[in-house]
1. If you build the Cα gyration tensor of the chain and take the root of 5 times each eigenvalue, what three semi-axes come out, in whole angstrom, biggest first?
2. Give me the net charge of V58's neighbourhood, meaning all other residues with Cβ under 9 Å from the Cβ of V58; Lys, Arg count +1, Asp, Glu -1.
3. Which percent of the accessible heavy-atom area of the chain goes to carbon and sulfur, probe 1.4 angstrom?
4. How much net charge surrounds N369 when only other residues with a Cβ under 14 Å from its Cβ are counted (Lys, Arg +1; Asp, Glu -1)?
5. Among S336, V165, T312, whose Cα projects farthest towards the positive end of the dipole of the chain, with charges put on the beta-carbon of Lys, Arg (+1) and Asp, Glu (-1)?
6. Determine ³J(HN,Hα), in whole Hz, for all residues of the stretch 369-377 in sequence, where each value follows from phi through the Karplus function 6.51 cos²θ - 1.76 cosθ + 1.60 and θ = phi - 60°; x replaces Gly and Pro.
7. At a Förster radius of 51 Å, what calculated FRET efficiency corresponds to the Cβ-Cβ distance of Q90 and A223, to the nearest 0.05?
8. With a cut-off of 20 Å, note down the residues of the stretch 110-124 whose backbone N falls inside the zone around a label point 7 Å from the Cα of R20 toward its beta carbon.
Amino acid sequence: MNNKSLCTIADVADLVPELRKVRQHLHQHPELSNEESATAALVAERLESLGYQVTTAVGGYGVIGTMALGNGSRSIGIRADMDALPITEQTGLSYASQNPGKMHACGHDGHTTMLLGAAEQLARSKKFSGTVHLIFQPAEEIGFNSGAERMLAEQLFERFPCDAVYGLHNHPGYPVGKMMFRSGPFMAACDTVNITIHGKGGHAARPHMTVDPILVAGSLVVALQSVISRNIDPNETAVVTIGSLHSGHAANVIPETARLEMSVRSFDPQVRKILEQRICQLVENHAAGYGARAEIEYVPGYPVLVNHDKETAFATEVAKELLGEENVIDNLPPISGSEDFAYFLQNKPGCFLRLGNGDSAVLHNPAYNFNDESLSFGTAYWTRLVERYLAD
């Protein structure tokens, strides 16, 4: 197939007004992980109307749209995530969330919409020969037992064979219309650590008769940072963040317990192992030094996301064809965020890429909003990627 006949930004321009409506509808009606029933129903209905073979309830509310054309033997999977976050929106938009305490603060409404746009363009242009599986995945944000894990447990790639699989995420801070790539380790592994400090409660006026868990927890917040600065090679990347610390209910009462919740991120399996060992040792010994006891729940999360060289080179080439070399960054620094698409890449070759979201608020911020100007770029890119991969 001649590259000049492949999808361009102009080819999908007529789709954008409707895609904008779809995206803003999804933004207005966000659903948390494992609650994506209405989103999945909308996706399935639109795919069926376009002539796709639709399979629902894969790994929860997952939806697969399959289309086979021509005599090509190759197959490709393109994935979009669908879930929202437990955040109260503060954008002031006319289409802000109508579901209190729930918000599309990571742009999954945009990811879903762009793949729906590609579904429509592929169905009407029919410029491929082979099989495309459009994978609409639930429960990416949950952090463990995620939608990707559950879809794989339900034989995703055995039921919907893919020679390669691709996905993307929007990226605030980079201009709309730019795409970013990196081969090899790209996004961090993420583990969650829940720590309960058991002390001895009592009256605030008699601290000598207590073991104050707040004092232990407060000093532990600082001490845990030494794991990064003194146990991890400076040439490696790791992050330890305490995102939650709760204890007590009254100013004049020293409580019995304090609870910390941590996020631990790394890019190397050995570093990940060292972090777990040192965090557990430090927490237990630190608490004991104050006469307290630590209870630790270490929850392994998503693995390191590793892009495959060949598939990343191909995806980068398609982006340069579509956008021009000046709008493609092919060696973006690693990102300390995590993604359950990593599980897909452990099972199939593929690539996860980033799409500029302009000067928006950062991800997971209550003021964040997916940039609708990106819809045409994502739609055209997915279409062209499939057309190139499944060329005659």
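The values are calculated or read from the model by the stated rules, or taken from the named source; none is laboratory data. Just so you know, these numbers come straight off a predicted model, no measurement behind them. Here the Cβ is made from the backbone with ideal geometry for all residues, glycine too, and neighbour counts use every protein chain on show. These area figures cover heavy atoms from the full protein model, side chains too; ligands, DNA and RNA do not enter into them. Shrake-Rupley method; radii C 1.70, N 1.55, O 1.52, S 1.80 Å.
1. Ellipsoid semi-axes (Å, largest first): 43, 22, 18.
2. +1
3. Working: 8040 of 16270 Å².
That fraction is 49 percent.
4. -3
5. S336
6. 8, 4, 8, 5, 5, 7, 4, 5, 5
7. E(calc), rounded to 0.05, equals 0.90.
8. 110-121
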